[in-house]
Amino acid sequence: AAKQLSRFLSPNGIALTLQNGLGNLEILQDKLGPERAAQGVTTYGATLLGPGRVRSGGEGTVTVQEHPRLAPLNGLLRRAGINVQETDEISSLVWGKLVINVGINPLTALLGVRNGRLLDSPEASQLMALAAEEAANLATRQGIDLDYDDPAQAVEAVARATAQNFSSMLQDIRRGAPTEIEALCGEVIRRSAQINLPTPVNLLLYQLIKAKVELQRNSKDEDGYHHI
C-alpha cells in the first residue's frame, strides 16, 4: 500500500494508518516522507462480513496525532458521527494498544474463539496476561508511559468489554488473509532481542501463528478443499 501511495498521493496529501502494532508509520514515512504520513489508533470494533459489508462491534474512538494536514479528514469523520480525538502523545496509545493486542489477538486466532472466551480458561487467561506483561516490560524499557499500571488487568478488561467480538487476527486467519503477527508479537520479539529482554510467550504465539498460517496454506485434501 505504501508503494502504491508513493505513486499517486498528492504532494500535499497525507496517509493515516490506524493499524495495530509497531512499524506501520515507519513504512509509510520511508515511502512518502515524514510530512505525508501520520499515525492513530482506533477502538472501534467491526466484523468483516464480506466485500463492502461490515458489522459494527460497538462505539469507540479514533485518536490521531496532531497534524495540520489531518484537519479535513478529521472533519469528515466527525460529520459521519465518528468520535475523533487528537493528541501529541500518540506513541503511548499505540504501545498501549499493542500490549492489549498481543494478549488477545494471537490466542483467539489459535483457539478459534471470541475475545471473551479467553476468560473462561485459566490457562488462556494466564497466557494472555503473560504476553501483555512482556510487551509492557518492553514499553517501559523504551521509555513509553502506558495509560494503565497493570497490563494483566488491562488486557482482561478489554477482553471482557469486547467479549462478543472476533479479533482481527482470527478474522484474517478464517478468510486466509495476511495477519498482523509481524507488527504485533514479531515487533515485540525483535525489539526485545535488541536489549536482551526475554519474551518467551510472545515468541511461542508468534511461532504458532506462523505455523498455523503455513499449514493452512498447504493443507489440501485430494478433493481440493481447504480446511481451517
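Quick notes
- Here the label points at SER6 and GLN164, each 7 Å from Cα along the C-beta direction, are separated by 4.4 nm in the simple model.
- With all protein chains kept in place, the per residue accessible area of the chain amounts to 55 square angstrom at a probe of 1.4 angstrom.
- Convex hull of region 50-160 built on C-alpha atoms - directionally averaged projected area, nm²: 8.7
- Calculated translational diffusion coefficient of the chain (37 °C, 0.692 mPa s; Stokes-Einstein with Kirkwood radius over alpha-carbon pairs) equals 176 µm²/s.
- Sulfur and carbon atoms: percent of accessible area, region 86-158 [1.4 Å]: 44
- Taking every alpha-carbon pair under 8 Å whose residues sit at least 6 apart, the chain reaches a relative contact order of 18 percent.
- Summarised in one figure, the compactness ratio Rg/Rh of region 96-228, Cα atoms and Kirkwood Rh, is 1.00.
- Pairs of Lys residues in the chain are counted when their Cα atoms are under 23 angstrom apart and they lie 8 or more places apart or on different chains; the count is 4.
- Centre separation in Å (Cα based) which lies between region 37-107 and region 178-218: 23
- Nearest-0.05 FRET efficiency for GLU123 and VAL54, computed from C-beta distance (R0 30 Å): 0.40
- The calculated FRET efficiency for ASP30 paired with LEU208, based on their beta-carbon distance and R0 = 45 Å, is about 0.90.
- Span-like helix criteria (full DSSP H runs; alpha carbon extent of at least 30 Å along the helix axis; mean Kyte-Doolittle hydropathy of at least -1.0) are satisfied in the chain by 90-111.
- The value for region 1-100 of Rg(Cα) / (2.2 N^0.38 Å) is 1.10.
- 14 Å tail of the calculated P(r), region 69-128, as % of Cα pairs: 67
- Using a Gaussian network model of the chain in which every pair of alpha carbons under 10 angstrom is joined by a spring, one finds that among ARG117, ARG175, ARG191 the greatest mean-square fluctuation is at ARG175.
- If R0 is 35 Å, the Cβ-Cβ spacing of ALA46 and ALA193 corresponds to a FRET efficiency of close to 0.55.
- Sulfur and carbon atoms: percent of accessible area, region 41-84 [1.4 Å]: 57
The values are calculated or read from the model by the stated rules, or taken from the named source; none is laboratory data. Remember, predicted model here, so these are calculated numbers, not experimental data. Because the Cβ atoms are built from the backbone with ideal geometry, glycine has one as well, and the counts that use them run over all protein chains shown. The area values use the complete protein model at the heavy-atom level, side chains included, leaving out ligands, DNA and RNA. Shrake-Rupley method; radii C 1.70, N 1.55, O 1.52, S 1.80 Å.
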